[in-house]
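S.K.: Sharing a structure, written as structure tokens. Questions coming.
The values are calculated or read from the model by the stated rules, or taken from the named source; none is laboratory data. As the structure is a prediction and not an experimental result, all values here were calculated from the model. Note that we place each Cβ from the backbone using ideal geometry, even for glycine, and neighbour counts take in every protein chain shown.
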Amino acid sequence: MLTSLLHHATRLDRVGMQLLRYGTVLVLLWIGGLKVYQYEADGIVPFVANSPVMSFFYHFDAPDYTQHLNKEGQVVPENRAWHEANGTYPFALGLGAVIVGIGLLIALYPWFPRLSALGSFLCLGMSVITLSFLITTPETWVPDLGGPEHGFPLLSGAGRLVVKDAIMLGASVVTLADAARKALRVG
């Protein structure tokens, strides 16, 4: 019985590859598309503001944002005004467009495998940058608020969101290899 199941499982790799590819596309389109909403733009501010690679997109330096964070679904007019002055919303729109573009490139696999490979390569780079937030963003670790459980290795909600990009990194490497193989017509 187990041997029979294992034999069937050996033929799932192509199905798995398509699930991996289009699952990645779904995540990129959805997350990129959410960047048009202010709550999402507000939520990425700690990551961008603390990133040595991205902080120049904002007008105010970290940790200025800490006093202007909105909780998801919350609208504080003074905070929204600060985010507008910071360039939070235009940056989020641009980032969202890039992320959606990467997803669309990967989705082109059946017709344009070279463009799909490019999308996977860009996703790889995006994942590395996102994973760097674990080092650069204080909000990725449980803060010391007086309890015994805080700091490394205890991931906060923001940290749990970021660490999932380790899977996105692996997906981008595998889909890159698959698209490159198809583009070059190599076994």
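S.K.: Please work out if Val186 is farther than 18 Å from Val45 by Cβ and either among the hydroxyl-bearing types (Ser, Thr, Tyr) or touching a strand residue (DSSP E or B) at 6+ places or on another chain (Cβ under 9 Å) (or both).
M.R.: On the way: farther than 18 Å from Val45 by Cβ: yes; either among the hydroxyl-bearing types (Ser, Thr, Tyr) or touching a strand residue (DSSP E or B) at 6+ places or on another chain (Cβ under 9 Å) (or both): no.
Answer is no for this residue.
Each row is one residue, and each column tells you yes or no for (1) outside any helix (DSSP H, G or I); (2) surrounded by fewer than 19 Cβ atoms within 10 Å (Cβ to Cβ).
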position	(1), (2)
Leu6	no, yes
Arg11	yes, yes
Val15	no, yes
Val25	no, no
Gly33	no, yes
Glu40	no, yes
Val48	no, no
Val53	yes, yes
Phe60	yes, yes
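S.K.: On the given criteria, is Val142 surrounded by fewer than 19 Cβ atoms within 10 Å (Cβ to Cβ), touching a strand residue (DSSP E or B) at 6+ places or on another chain (Cβ under 9 Å), of a type in the set (Val, Ile, Thr) and more than 21 Å from Leu29 (Cα to Cα)?
M.R.: yes
S.K.: Okay, next question. Tell me yes or no: at least one residue of the range 162-178 is outside any helix (DSSP H, G or I) and within 23 Å of Val48 (Cβ to Cβ).
M.R.: Among the residues of the range 162-178, at least one is outside any helix (DSSP H, G or I) and within 23 Å of Val48 (Cβ to Cβ), which makes the answer yes.
S.K.: Here are Tyr39, Tyr109: which of them is closer than 20 Å to Phe133 by Cα and touching a Gly at 6+ places or on another chain (Cβ under 9 Å)? Steps first, answer last, please.
M.R.: Numbers: Tyr109 fails: closer than 20 Å to Phe133 by Cα.
Of Tyr39, Tyr109, the one residue that is closer than 20 Å to Phe133 by Cα and touching a Gly at 6+ places or on another chain (Cβ under 9 Å) is Tyr39.
S.K.: Another question, then. Take Val98 and decide whether it is closer than 24 Å to Ile167 by Cβ and in contact (Cβ under 8 Å) with a residue 12 or more places away in the chain.
M.R.: On the way: closer than 24 Å to Ile167 by Cβ: yes; in contact (Cβ under 8 Å) with a residue 12 or more places away in the chain: yes.
Judged against the criteria, Val98 is a match.
S.K.: Do the conditions hold for Phe133, that is, is it under 19 Å from Ala49 (Cβ atoms) and out of contact with any strand residue (DSSP E or B) (no Cβ under 7 Å at 6 or more places or on another chain)?
M.R.: It is true that Phe133 is under 19 Å from Ala49 (Cβ atoms) and out of contact with any strand residue (DSSP E or B) (no Cβ under 7 Å at 6 or more places or on another chain).
For every residue, the table says whether it meets (1) modelled with pLDDT of 95 or more; (2) over 20 Å from Met126 (Cβ atoms).
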residue	(1), (2)
Ala9	no, yes
Arg14	no, yes
Leu19	yes, yes
Leu26	yes, no
Trp30	yes, no
His59	yes, yes
Asp64	yes, yes
His68	yes, yes
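S.K.: Quickly run through the range 107-136 and pick out the residues that are more than 15 Å from the chain's Cα centre (by Cα) and in contact (Cβ under 8 Å) with a residue 12 or more places away in the chain.
M.R.: Correct list: Ala107, Tyr109, Pro113, Arg114, Ser116, Ala117, Leu118, Thr136.
S.K.: Additional query: What is the residue count in the range 137-187 for residues that are of a type in the set (A, V, I, L, M, F, W, C) and touching a residue at least 40 places away in the same chain (Cβ under 8 Å)? Let's see the steps before the verdict.
M.R.: Taking the range 137-187 and keeping what is of a type in the set (A, V, I, L, M, F, W, C), we get 141-142, 145, 152, 154-155, 158, 161-163, 166-169, 171, 173-174, 176-177, 179-180, 183-184, 186.
So of that shortlist, the ones also touching a residue at least 40 places away in the same chain (Cβ under 8 Å) come out as 158, 162, 168-169, 171, 173-174, 176, 179-180, 183.
The qualifying residues number 11.
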